[in-house]
Amino acid sequence: MATINCFRVGKRFGGLEVLKDIDLVVEEGEFLVLVGPSGCGKSTLLGLIAGLEEISSGDILISGRSVKGIHPSERDIAMVFQSYALYPSMSVGANMAFGLEMRKIPKEAREHRVAEVAKTLQIDHLLNRRPGQLSGGQRQRVAMGRALVRDPQVFLFDEPLSNLDAKLRVEMRTEIKRLHQSLKTTMVYVTHDQIEALTLATRIAVLKDGILQQHGTPNEIYNRPRNRFVAQFMGSPSMNLIPAILRRQDGTATAHINRKTEQAITLPMPPSVGSQLADGAAIEVGLRPETITDVTASEENGFVAFECVADVVEPAGSDTFLITRLGDKEIAARIRAETQVVSGDRVRLSIDRTKATFFDAGSGMRLAAAHEV
């Protein structure tokens, strides 16, 4: 196992600054997922760790050793690519053993290691086949096996599931998670899929425009997003951000969500937030879809009820998503699948006020969450 330390890492391609002063630590045995929209710099950062690109500024240490100028083959890392990168003329076994053969590992030791890893990945019955005879999921397992046989300090994954269909993605996600739990090796994984990030990671690093937005556990990223971007990027559907006004009376701060033709909704705010802002300040209330649902509890139990009109109803199996408007913004609520509602119906929903998060309307930075009071 290894630690990875990125100190003010920057990368430029000519005049284009792709990464800006990235400070990031990956502890031994962690599964770090780098996530963000296309072009945010996540694959570039992975390439810098791997040695496929040169660092423009800052430094990267692997197990306390600077890897500046060190060839990828000398970093004791293994990388799994989106494209599999298997040799079509070689058998599965030969593909997996190729790296060991290049390192002059004896044939008997190579065969033993390949057989061991193939059994772990459940591809031992495929060792004599060619890549062209395999499904996408099987080829991805072979690509992972080729990395595993080397027993490296660090595994790097560059969007390895992008070419698979939805069912295979879920299956392979489970396999990768199981693999990490078994090996306890340091892993860094790049994806643009925030569901993959939340399900796989022990820690997540969210990037945007080459800048690290937040680094934390999946729970921290999802429930305590640092800013508006992280709040809306992580989660599907994304967090609802609703314009509101801070009102203070007798030392108590509340968020008022005004509605044109309906009664305003009032949510209590943490004292720490109320003391930061002036009365009348513009804020945003962040509510995950699951915190807005059909009425199942009384207001006394922490829920604030309101009425609205269902614009769109989207059945999703175990749940139903209801699209409506609140505070002049389109929002998504998650209601029970058995709730009978169609577009145009007037429905009564409730907000779990203990799960609200508050943001400064100007900067987009999180002020606090209600559960942090």
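The values are calculated or read from the model by the stated rules, or taken from the named source; none is laboratory data. All figures in this text were calculated on a predicted structure; none of them were measured in a lab. Neighbour counts run over all protein chains shown; Cβ positions are idealised from the backbone, glycine included. Just the protein is used for accessible areas: all its heavy atoms, side chains included, with ligands, DNA and RNA removed. Shrake-Rupley method; radii C 1.70, N 1.55, O 1.52, S 1.80 Å.
Observations
- When peptides 313-319, 79-85, 282-288 are ranked by their average number of other Cβ atoms within 10 Å per residue, the highest-first order is 282-288, 79-85, 313-319.
- Binned Cα-Cα distance frequencies in the chain - 10 Å width, integer %: 5, 20, 25, 21, 16, 9, 3, 0
- For the chain, with all protein chains in place and a probe radius of 1.4 Å, 48% of the accessible heavy-atom surface sits on carbon or sulfur.
- Most mobile listed residue (33, 117, 170) in the chain, GNM with C-alpha springs under 10 Å: 170
- Degrees separating the helix 92-102 axis from the principal Cα axis of the chain, which is the longest one: 70
- Both radii come from the Cα set of the range 178-247: Rg as radius of gyration, Rh as Kirkwood radius; their ratio Rg/Rh reads 1.05.
- Rounded if a/c under 1.5, otherwise prolate or oblate - the range 56-190, Cα gyration tensor axes: oblate
- Only the Cβ atoms of Lys and Arg (+1) and of Asp and Glu (-1) were treated as charged; on that basis the dipole of the range 84-166 about its Cα centre amounts to roughly 260 debye.
- Cα→Cβ-extended label distance, 7 Å offset, between residue 259 and residue 323, nm: 2.0
- For the chain, the longest principal axis of the alpha carbon atoms and the long axis of helix 166-183 meet at an angle near 70°.
- The chain: angle of helix 136-148 to the longest principal axis, Cα-based, in degrees nearest 10: 70
- Accessible surface calculations at 1.4 Å, restricted to protein heavy atoms, place the range 35-112 at 51 Å² per residue.
- Using a cut-off of 26 Å between Cα atoms, the listed pairs 184/355; 119/167; 42/68 include 184/355 as exceeding that distance.
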